[in-house]
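In what follows, a structure is listed as structure tokens, so that the remarks can point back to it.
The values are calculated or read from the model by the stated rules, or taken from the named source; none is laboratory data. From a predicted model like this one, the values you see are computed outputs, not experimental measurements. Cβ placement follows ideal geometry from the backbone for every residue including glycine, while neighbour counts extend to all protein chains displayed.
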Amino acid sequence: MSLLLGKRIRGLRRLKCFTQKNMADRLGISVSMLSNIERGKKYPNIELLKKMTEILQVPQEELFVLPEMQQMKRVNG
């Protein structure tokens, strides 16, 4: 799960045109920590997840949407 979450965070960060440094600075964490989260090596605590969603301007649920679920919504929706 942490790898999928990390990939989702990375994708949203890139979509918003934030560099790792820019995002890490806004979060108050090191670039190394953000990199570890994005690679699924570390799992962010709930406060950090909330801060990420605020910075990325997405609902919290958006971090946990799996690509397969999005595809199914398009097909069935």
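Quick one: count up the residues across region 1-39 that are within 17 Å of Glu54 (Cβ to Cβ) and in a helix (DSSP H, G or I). It would help to see each step written out before you state the result.
First pass over region 1-39, keeping only residues within 17 Å of Glu54 (Cβ to Cβ): 5, 8-9, 12-13, 15-18, 22-29, 34, 37.
Imposing the further condition that a residue be in a helix (DSSP H, G or I) reduces the set to 5, 8-9, 12-13, 15, 22-27, 34, 37.
Adding up the residues that qualify gives 14.
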Residues of region 16-28 being closer than 19 Å to Leu3 by Cα and either among the aliphatic types (A, V, I, L, M) or in contact with a Lys or Arg (Cβ under 6 Å, 6 or more places away or on another chain) (or both), in sequence order, are Met23, Ala24
So, of the residues in region 42-60 that are touching a residue at least 12 places away in the same chain (Cβ under 8 Å) and of a type in the set (D, E, K, R), which turns out to be nearest to Arg26 (Cα to Cα)? Lys51
Only residues that are small (Gly, Ala, Ser), out of contact with any Ser or Thr (no Cβ under 8 Å at 6 or more places or on another chain) and surrounded by 15 or more Cβ atoms within 10 Å (Cβ to Cβ): list them for region 24-48, please. Ser35
If you go through Lys7, Lys21, Lys51, the only one that is closer than 17 Å to Val65 by Cβ, of a type outside the set (Ser, Thr, Tyr), surrounded by fewer than 17 Cβ atoms within 10 Å (Cβ to Cβ) and in contact with a helix residue (DSSP H, G or I) (Cβ under 8 Å, 6 or more places away or on another chain) is Lys7
Picked from region 54-68 (must be in a helix (DSSP H, G or I) and modelled with pLDDT under 95), the residue surrounded by the most Cβ atoms within 10 Å (Cβ to Cβ) is Leu63
The correct count of residues that are under 11 Å from the mean Cα position of the chain (by Cα) and among the acidic types (Asp, Glu) in region 1-43 is 1
Yes or no: region 36-49 includes at least one residue that is within 15 Å of Glu61 (Cα to Cα) and in contact with a Gly (Cβ under 6 Å, 6 or more places away or on another chain). no
